[in-house]
Amino acid sequence: MPEPDRPTPATVHLHRPVPDRAQLDAASRVFALLSDPTRLHLLWLLSENEADVSHLAQASGAARPAVSQHLAKLRLANLVRSRKEGRRVVYSLRDGHLRNLVLEALSHAEHKVTGDPWHS
Ligand SMILES: [Zn+2]
């Protein structure tokens with residue numbers, strides 16, 4: 001798919017100019033959690049909209065118990081949060097950084113998959 005013209009790169013909201021060890025360790029743990037296609041799919045679904053386990057299982061094609069386990073892991077790591085809505089538990093992404101991270105990872109991957117030219 002051709003990329004739209006983007007004269008300026010997307011704004012990256014960095015908190016510090018130079019990461020410290022604690023930040024590098026924490027970011028590595030985030031990448032470790034993203035390093036699973038099903039979890040990445042769930043996070044992408046949550047980047048679109050908050051959702052409950054049933055919806056996420058149906059939309060991802062993964063088994064409901066597996067989805068629950070992934071969500072528990074993601075919640076423990078503070079990548080997703082949950083709230084009760086009646087009898088449903090609704091999940092959402094923790095923050096906009098994670099959303100950007102997931103979308104950028106998938107966009108980067110699309111270049112690999114399609115062979116579309118790289119860009120800055
Ligand atoms: Zn691109």
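The values are calculated or read from the model by the stated rules, or taken from the named source; none is laboratory data. Since we're looking at a predicted model, the values are computed, not measured. Don't worry about glycine lacking a Cβ; one is built from the backbone with ideal geometry, like all the others, and counts go over all protein chains shown.
Given the criteria polar (S, T, N, Q) and either at pLDDT below 95 or within 26 Å of Asp116 (Cβ to Cβ) (or both), does Ser60 qualify? It is true that Ser60 is polar (S, T, N, Q) and either at pLDDT below 95 or within 26 Å of Asp116 (Cβ to Cβ) (or both). Taken as a whole, the condition of being buried (at least 17 other Cβ atoms within 10 Å of the Cβ), modelled with pLDDT of 95 or more and within 30 Å of His119 (Cβ to Cβ) does not apply to Ser35.
Identify all residues within segment 29-65 that are in a loop (DSSP other than H, G, I, E, B) and under 20 Å from Arg83 (Cα atoms); write none if there are none. First the steps, then the outcome.
Kept after step one, since they are in a loop (DSSP other than H, G, I, E, B), are these residues of segment 29-65: 35-36, 49-50, 61-63.
Those that are in a loop (DSSP other than H, G, I, E, B) and under 20 Å from Arg83 (Cα atoms): Asn49, Glu50.
Is it the case that Ala109 is surrounded by fewer than 13 Cβ atoms within 10 Å (Cβ to Cβ) and hydrophobic (A, V, I, L, M, F, W, C)?
Numbers: surrounded by fewer than 13 Cβ atoms within 10 Å (Cβ to Cβ): yes; hydrophobic (A, V, I, L, M, F, W, C): yes.
Against the criterion (surrounded by fewer than 13 Cβ atoms within 10 Å (Cβ to Cβ) and hydrophobic (A, V, I, L, M, F, W, C)), Ala109 qualifies.
I'd like the residue in segment 66-96 that is assigned to a helix (DSSP H, G or I) and out of contact with any helix residue (DSSP H, G or I) (no Cβ under 9 Å at 6 or more places or on another chain) and, out of all such residues, is nearest to the ligand (Cβ to nearest atom). Among those that are assigned to a helix (DSSP H, G or I) and out of contact with any helix residue (DSSP H, G or I) (no Cβ under 9 Å at 6 or more places or on another chain), it is Gly96. Close contacts from segment 100-119, counting a first residue that is under 18 Å from Thr38 (Cα atoms) and in contact (Cβ under 8 Å) with a residue 40 or more places away in the chain and a second that is of a type in the set (Asp, Glu) and near the ligand (Cβ under 10 Å from one of its atoms), with Cβ to Cβ under 9 Å and a gap of 6+ residues or different chains, come to Glu110/Asp116.
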